[in-house]
Amino acid sequence: MSRPDGAELMVSARDVWKSYGSVDVLRGVEIEVRHGEVVCLIGPSGSGKSTFLRCVNHLEKIDAGSLLVDNEAIGYTVHKDGLREARDRVTARKRAQIGMVFQSFNLFPHMTVLENIITAPMLVRSQSRLSAVDSATQLLAKVGLSDKASSYPRQLSGGQQQRVAIARALAMEPKLMLFDEPTSALDPELVGEVLEAILGLARDGMTMLIVTHEIGFAREVADRVIFMDQGRVLESGSPEQVIGNPSSNRTRSFLDKIQ
């Protein structure tokens, strides 16, 4: 995929730090994602990838630095003396513009597929049921599940549940999608259908930040790949650069072990 070099920044992280007690999980992270760009974060477990993703929509609070989404801070305001927490309703309004798909599917087990998708738009965005159902129907077609609207999550495979989770996130019409290892909980034979759904979003121009261990997928879908280790960005560039010809010995060592 070709990187939209002239596009405005969707995500701008500057010197972002995050600690748990005495452990620094993010150590001065600098990451940019442009409108329409697909960026994949790769690296060993514990390198800070998922933590950074959760900081983007303020599921985790950063300790220092600046983290903006579409030129707005999510969850805090910046002052001369540091960061201050924003009001909950302000954070919730901004967070609603960011879709996130987790490793686990987090579907409501007592609701049908259709109900899982339409509930948030109706409650949060005051969308009418008729409009929400129409949008959900289109989204189910997009992820290849048109025939599963009346099914319950327990009746679906893991891959199907994850595709419903993607449709549910898209129902909020987000400007940014975050994926936290969306295939890690799936059996190997189900991985392809979820990756294909994400690839379809990339073709549609959705801005995405994806944490993944699927190196082949990252090579195919990403405009840019970022390698993280021990809370830092060690390497960033096109898939051809970072995966095909890494400049860092640490990146090369990581890729040699998992490819």
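We did not get these values from a lab; they are worked out from the coordinates using the rules stated. Owing to the predicted nature of the structure, the values given are computational and were not obtained by experimental measurement. For neighbour counting, all protein chains shown are included, and Cβ atoms are generated from backbone atoms with ideal geometry for every residue, glycine included.
Data overview
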{"read-out": "Scattering curve values for segment 25-153, log₁₀ I(q)/I(0), Debye with Cα scatterers, q = 0.11, 0.12, 0.20 Å⁻¹", "value": "-0.54, -0.63, -1.23"}
{"read-out": "Proxy reagent accessibility, fewest Cβ within 10 Å first, across S135, S184", "value": "S184, S135"}
{"read-out": "For the chain, share of DSSP beta bridges that run antiparallel, in % to the nearest 5", "value": "60 percent"}
{"read-out": "Ordering of 161-171, 238-248 by packing [mean C-beta count within 10 Å, highest first]", "value": "161-171, 238-248"}
{"read-out": "Reachable aspartates and glutamates, given that their alpha-carbon falls under 16 Å from the alpha-carbon of K148 and they are not under 8 places away in the same chain", "value": "E115, D134, E193"}
{"read-out": "Within segment 129-259, percent of DSSP bridges classed antiparallel, to nearest 5", "value": "55 percent"}
{"read-out": "Between segment 101-118 and segment 187-226, the Cα center-to-center distance that results, in Å", "value": "21 Å"}
{"read-out": "Long-range amide H partners of I74 with built H, under 5 Å", "value": "V69"}
{"read-out": "Proportion of all alpha-carbon pairs of the chain beyond 26 Å (%)", "value": "41 percent"}
